[in-house]
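First comes the structure, then the notes that go with it.
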Amino acid sequence: MTPCPCPHFRSTRSASPRSGIRDVFDRVEHVPDAISLCVGEPSATAAPHIVEAACRSIREGHTTYTNVLGIEPFREAVAAYSEKVKGLRYDVDTEIQAVDGATIGLFLAMKALLDAGDEVILPSPYFTSYDAEALMCGGVPVPVALKPEHQMRLNADDIEAAITPRTKAVLLNSPGNPSGAVTPLSELERIADVCIRHDIWVISDEVYHPFVFDGSASIAPSIAAIDGMHERTVVVESLSKTFAMTGWRIGYLLGPEPLIEQTSKLAELMHSSVNSTAQYAAVAALTGPQEHVTAMREEYCAKRQIVLDELDGCTALRLIEPQGAFYAFVDVRACGMDCDRFSRMLLDEEHVAVVPGTAFGSEGAGFVRLSYAGDGRELREGVRRMRVFAERHVNPALGRHTPGYHHLQIMA
């Protein structure tokens, strides 16, 4: 008997783009000895006191459903941490919500804010789920190019130029994935002014906030701390990167009471409540010793230096020095091939995996992203091989420069 074909999927579902990172992972599976510089995941695992808190909560029987907003100790820990680290003050009972990681937090924020046809500005290149989630929520993603002449930082003028009568929100990410760019407070203040004047929301993805390497600060500023932004900003946070808890799937939303009221209604319909064990572990993470976080920051800073050293003086690969997170976004255009072909050939010839920039939106064309979160020795060898590959394929006309060459001028 011939099986009947599946009924049609909902149009927004079929239109949602597949993650370009998944495509790379699929190819890497066929190269067992590949050095993968793809994964945006700490090489460390959660600190012992976090693990012990999780185990203790299970032994004590804290394994039942919880309030959809999260257990009170978790919300209290989030409130104290947010005020101490970022200078943000949120009400424990009405302005904080536990979520199953930042990805679901972003979805809940967009679902609560966007009506069908509403536009959400996405500075691009951006994390792979941003445009898909906007589409799933009935919104219209509006990419705005992040420019090399701005070191891939957010820019108020470019955001304002993209605003239309249909604009509902702008999604900010600093430190940024895939660029590693950190937007300074002065520029966030200009963006805040734009959002206030045009009466639009900000969704602020701050999951890399403790990983900043510019020497003047160790924490990236939050736009929510700026006067007038508390009531129009939803902060999306996760413990995945900060505390090496990627598999625990625990994060939180910070926002004004009317917004959290809506996101909590949606969450209750979707999953009832967040994993209780992860919440108790998160309390220990947020309130306990922070040496583990400091050690990771120092480790990423050292690994970032490996990337800078290995690419120093390379005419075939151009790099805007990353100031945060644990990614480097590398311009490969001097090799005379598009980024997808570069990524495929690098894997085939040198057994090194990187993510093509177009996985992060069309504005990522000509770049590849590498992560320096993994093993330091593999990182050094992988970047060395990438340089060898690029110098073997470089187009002399595109790669030539003078001793006074400045990569931002060429990339602008």
- Based solely on its DSSP helices, what 222 nm [θ] is calculated for the chain when runs of n ≥ 4 H residues each add -39,500 (n - 2.57) and the sum is averaged over all residues, nearest 500 deg cm²/dmol? -12500 deg cm²/dmol
- Message: Would any residue of segment 272-313 have its amide N under 15 Å from a label point 7 Å out along Cα→Cβ of Tyr65? List them or say none.
- Response: 272-276
- Query: Using a Cα distance threshold of under 20 Å, what count of lysine pairs results for the chain when pairs must be 8 or more residues apart or interchain?
  - Reply: 5
- For segment 114-182: rounded, prolate or oblate by the Cα gyration tensor [a/c cutoff 1.5]: oblate
- Quick one: dipole size for the chain, taken about the Cα centre, charges +1 on Lys/Arg Cβ and -1 on Asp/Glu Cβ, in debye to the nearest 20. 780 debye
- Mark the label point 7 Å from the Cα of Ala397 along Cα→Cβ and return the residues of segment 318-333 whose backbone N is within less than 19 Å of it. 332-333
- Probe 1.4 Å, accessible area per residue of segment 150-290, Å²: 35 Å²
- Message: So, for segment 65-127, what is the accessible surface per residue at a probe of 1.4 Å, expressed in square angstrom?
- Response: 36 Å²
- Task: Please work out the ratio of the alpha-carbon Rg of segment 179-295 to 2.2 N^0.38 Å and round it to two decimals.
- Result: 1.18
- In whole percent, how big is the carbon plus sulfur part of the accessible area of the chain, probe 1.4 Å, protein atoms only? 52 percent
- Approximate spin-label separation His351-Glu231, in nm, with each point projected 7 Å along Cα-to-Cβ: 6.1 nm
- Could you calculate the FRET efficiency of Lys84 with Asp214 from 1/(1 + (r/R0)^6), where r is the beta carbon distance between them and R0 is 22 Å, rounded to 0.05? 0.55
- Task: Among DSSP beta bridges lying fully in the chain, give the percent that are antiparallel, nearest 5.
- Result: 45 percent
- How far apart, in nm, are two points set 7 Å out from the Cα along the Cα-to-Cβ line at Asp33 and at Glu378? 1.5 nm
- For Leu266 and Thr45 in one chain, what is 0.36 nm times their gap in residues minus the Cα-Cα distance, to one decimal in nm? 76.5 nm
- Item | Residue-normalised accessible area of segment 293-352, expressed per residue, 1.4 Å probe, Å² | 35 Å²
- Query: Which residue, Glu381, Glu363, Glu41, has the most motion in a Gaussian network model of the chain that connects Cα atoms within less than 10 Å?
  - Reply: Glu381
- Note on the structure: Full extension between Ala365 and Ala302 adds, at 0.36 nm per residue less the Cα distance, a length in nm of 19.9 nm
- Query: If the chain between Asp158 and Asp93 were fully stretched, how many nm would it gain, using 0.36 nm times the residue separation less the Cα-Cα distance?
  - Reply: 19.7 nm
- Note on the structure: Here segment 125-241 gives, from Cα atoms, an Rg and Dmax in Å of 13.6, 41
- Top mean-square fluctuation among Leu239, Leu185, Leu135, Gaussian network model of the chain, C-alpha springs under 10 Å? Leu185
- Task: Hey, can you grab everything whose amide H is under 5 Å from the amide H of Val92? Only 5+ residues off in sequence or another chain; H modelled, so Pro and N-termini drop out.
- Result: none
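The values are calculated or read from the model by the stated rules, or taken from the named source; none is laboratory data. Please read all numbers here as calculations on a predicted model, not as lab measurements. Heads up, the Cβs are rebuilt from the backbone with ideal geometry, glycines too, and the neighbour counts pull from every protein chain shown. The protein model used for the area step is the full one, side chains on, heavy atoms only, and it has no ligands, DNA or RNA in it. Shrake-Rupley method; radii C 1.70, N 1.55, O 1.52, S 1.80 Å.
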